[in-house]
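Read the figures in this text as sums done on the coordinates, not as results from a lab. Since this is a predicted model, take the numbers as computed values, not measurements. No Cβ is skipped: glycine too gets one built from the backbone with ideal geometry, and neighbour counts run over all protein chains shown.
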């Protein structure tokens, strides 16, 4: 439970009898009906909250029958000298306890090993294979150019199929990447605001990393709070930050989509920009509408008020959409020319591929390794999202996110080279699917997490799967765009070497 945005925990009941399992015979289950709250305050601000259940006020709920229960509570208020700005210190210190540190260190070591192995394989791939190929082609033997990735130079830069949809994926993915980075920096700024305490050796790396970005964090925080949009430690602060950051970065999405589209065609970029605005927000609005309907039918406080829905709609209509269109106009007129479209008239026939070179096998490999590197932090994030634990180290989350991005880029480059080496030039959509496949593993793990939890109500199921489906879909778009960008940079560098030779 939360009191003034502060979490607190307490027992809701007790099981007595021969067996502590409430489903076994001979045991009795009792529900506590009275809770005593001990609240510490400073001036008009709540600093700390503790909850204690009263064992003298219980109701026997052993029988599987409806019963009317009257719940009561009492509160004791005590003054404290702790300042309001430091009330999150106890939760931050709890995240640096030895068991939690060991868990984070295990995650870092696991990620470091995977990154080192991946970078080692990529280095071997580059120095042994590609360099040898470039050296061989530079000798002037034209027969060698008819074998391998060099012979498909005219097909590699051919316009991808479903160009508007591809541009929309890149635009949404780039925007969501910026949203996650800025949101994590903002969360770090709030939780680290005016908090100073001695750090152990295990937390030194995290703290030093956060120092390099502290200036940028506080700049973001200052701009948002100076506009009156964000107030630290108030309910809904991070959700407000999501809306504000997503709205502002809409111009980036429009620019990315239009700029990439105009590299292949001077017309039709408006369709790509329009699809960019719908590709993520459309499914998100549909899922949230269904969840809000379920919450209203259950009479839950999780339902969004009608006024909030109207405000979000107005923001998206009169702010997000114009910024998206503005970014599209700028991207069309001042586009970057990184890709040189192919002028080859005939499409080269793709040779038959072995089973391990098929897209579903590459998606399995491209998604499993990044997922395994961030699995521990992902578990802590899920536990925090559903109030099982409190996650107070967004700097660690930023490091884990960086590891995820780095691994996605490395694997995308390696798998793209493997694809091109067998004369398969259709790398555009494959790079997106390989990069975004990590999100599929994340969604499978969220189902496993739900199965292991004690949530069994229909409303909990709807909200859990609905929210996680939206999160995983956003990760798919973001990681897909990262995978494509890494592959695109690699291919341009590789074929530029061929032309240079």
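Can you figure out the FRET efficiency of residue 240 with residue 355, using R₀ = 60 Å and their beta-carbon distance, to the nearest 0.05?
The computed FRET efficiency comes out at 0.75.
From most to least packed by mean Cβ count within 10 Å, the peptides 452-462, 371-381, 413-423, 254-264 give 254-264, 413-423, 371-381, 452-462. Full extension of the segment from residue 301 to residue 8, taken as 0.36 nm per residue of separation minus the current Cα-Cα distance, would add 103.6 nm. Take every DSSP beta bridge whose two residues both sit in the stretch 2-87; close to 70 percent of them are antiparallel. Here the Kirkwood formula puts the hydrodynamic radius of the stretch 2-87 at 15.0 Å, using every distinct Cα pair. Placing a pseudo-label 7 Å from each Cα along the Cα-to-Cβ vector at residue 461 and residue 69 gives an inter-label distance of 2.3 nm. Between residue 278 and residue 50, the distance separating the two model label sites (each 7 Å from Cα on the Cα→Cβ line) works out to 5.8 nm. Given a Förster distance of 51 angstrom, what is the FRET efficiency for residue 447 paired with residue 34, based on the Cβ-Cβ distance and rounded to 0.05? About 0.85, to the nearest 0.05. With both labels modelled 7 Å from their Cα along Cα-to-Cβ, the residue 311 to residue 267 distance reads 4.5 nm.
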